[in-house]
1. Given the conditions (1) within 30 Å of ARG172 (Cα to Cα); (2) free of Cβ contacts under 8 Å to residues at least 12 places away in the same chain, which single one is not true for GLY306?
2. Among the residues of the stretch 191-202, is there at least one that is part of a strand (DSSP E or B), more than 16 Å from the ligand (Cβ to nearest atom), of a type in the set (Asp, Glu) and farther than 22 Å from GLY390 by Cα?
3. Can you tell me which residues in the stretch 15-71 are among the acidic types (Asp, Glu) and within 25 Å of ALA160 (Cα to Cα)?
4. Go through (1) assigned by TED's automatic domain parsing to the domain that holds GLY255; (2) touching a helix residue (DSSP H, G or I) at 6+ places or on another chain (Cβ under 6 Å) and name the single condition TRP185 misses.
5. What is the residue count in the stretch 259-309 for residues that are over 26 Å from the mean Cα position of the chain (by Cα), within 12 Å of the ligand (Cβ to nearest atom) and buried (at least 18 other Cβ atoms within 10 Å of the Cβ)?
6. What's the number of the only condition in (1) of a type in the set (Asp, Glu); (2) surrounded by fewer than 24 Cβ atoms within 10 Å (Cβ to Cβ); (3) at negative phi that ASP240 fails to meet?
7. I need the full set of residues from the stretch 230-258 which are within 10 Å of the ligand (Cβ to nearest atom) and either more than 23 Å from VAL103 (Cα to Cα) or not β-branched (Val, Ile, Thr) (or both), in order please.
8. Which of the residues that make up the stretch 137-157 are of a type in the set (Asp, Glu) and either farther than 15 Å from PRO96 by Cβ or touching a residue at least 40 places away in the same chain (Cβ under 8 Å) (or both)?
Amino acid sequence: MSAPPHKARPAGPGRALPDTQQGMRRRNLSRVMHTVSAEGPLSRAAVASRIGLTRAAVSTLVDELIRSGLLEELGPERPGRVGRPGSALAVSGRGPAGIGAEVGVDHLAVCAVDLRGRVRARAVRHVPNRDRSPAPVLGELTELTHRVVAEAEGEGLWPAGLAVAVPGLVARDARTVVRAPNLGWQDTDLGELLPARFPLTVANEANFGALAELWLGEDTPRDFLHVSAEIGIGAAVVVDGRLLHGNRGFAGELGHVPVHPDGPPCACGGRGCLEQYAGEEAVLRAAGLEPGEDRVGLLAGRAEQGDAEVRRALHDAGTALGIALTGAVNLLDPEGVVLGGALSGLAPWLLPSLRSELARRTAGPACPVSVSALGPEGPLLGAAHSVVRGVLDDPAAVAERD
Ligand SMILES: [Zn+2]
């Protein structure tokens, strides 16, 4: 998939390149990067045969990518063969890095991922962010970002961009948080409060979670719904390997799909939304527990011990998820549903009722529901990898920025 989390991004990945010689060159640079990234180490000849260009043309592209620090040569391969030995190419482990960040209700996290997809630096701080104003939260996030960037730079990497996952609605400018009810933020331009030295992309955490699943998950289908939760419930729709953004960029608000139209009032102005039955705090309330930190850990621990009230609350939450997902599955006909984020830790107790509700209410064979192996790490990894994918999609843009 080549689209960034946002179409209005001013520069970099996913731009339609003009159909000129220059545009062709940029597209070919990207094809070389993607091929070596997916299948490397590869010789120039192997790259040429995979993308259908002459070896001479590929050599010119490869030389340019080596000069920009995006590819590196690992030394001669197959020295026993007749003729000049080809040198194996790999994406650089010392070039650009994607910096991913996450603003959670209870934590801040930042990581640096290199072009090979390895996490090279990481920092997490547990801090209650609910109803804190954006400036101090983003001040702390900036501090963590600088720490991670310094560590990455110490290993010869340089930041190609910063992508931030937030639990809220993000405008199509990919900078402005329109509404993050569980943080209490509204119309906040994160670009004004985060370091200006990096190209910035802000997206909903559910979108980054889905992209992480698409890029890093095992056997992830090209059409799927990704459902994740913290206090709110978010979903992302991936169609043919691309995120569906919707008109305003707000697609995927599964948490506000009504499950019982006359149910309890919701912060969105509606009643009986899914979030009122399957959000972490709703489940804790239904189980007679106090919402505090580590809500998922508390629920999973009690459920494991056989606490009947907690198991019933999770069973009911699974039913509510099944009802809400029925609408989405009937409408979109995805290949599968993936439970990610915090929901993945509660899956053993949510899945039976969720699956049976979905099977009962949808026609034909039931839509398979699986659990993300990335768990709560998904949004942070998806954010960092979105920057890395941006480099693979348009390596010339990165080289020009040097
Ligand atoms: Zn609602």
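The values are calculated or read from the model by the stated rules, or taken from the named source; none is laboratory data. Because the structure is a prediction, the values reported are computed rather than measured. Quick reminder, even Gly has a Cβ in these numbers, built from the backbone with ideal geometry, and neighbours come from all protein chains shown.
1. Single failed check for GLY306: (1).
2. The answer is no; no qualifying residue exists.
3. GLU39, ASP63, GLU64
4. (1) is the only condition that TRP185 fails.
5. Result for the stretch 259-309: 3.
6. (3)
7. GLY232, GLU253, GLY255, HIS256, VAL257, PRO258 - these are the residues of the stretch 230-258 that are within 10 Å of the ligand (Cβ to nearest atom) and either more than 23 Å from VAL103 (Cα to Cα) or not β-branched (Val, Ile, Thr) (or both).
8. Looking only at the stretch 137-157, we keep the residues that are of a type in the set (Asp, Glu), and these are 140, 143, 151, 153, 155.
Within the stretch 137-157, GLU140, GLU143, GLU151, GLU155 meet the criteria.
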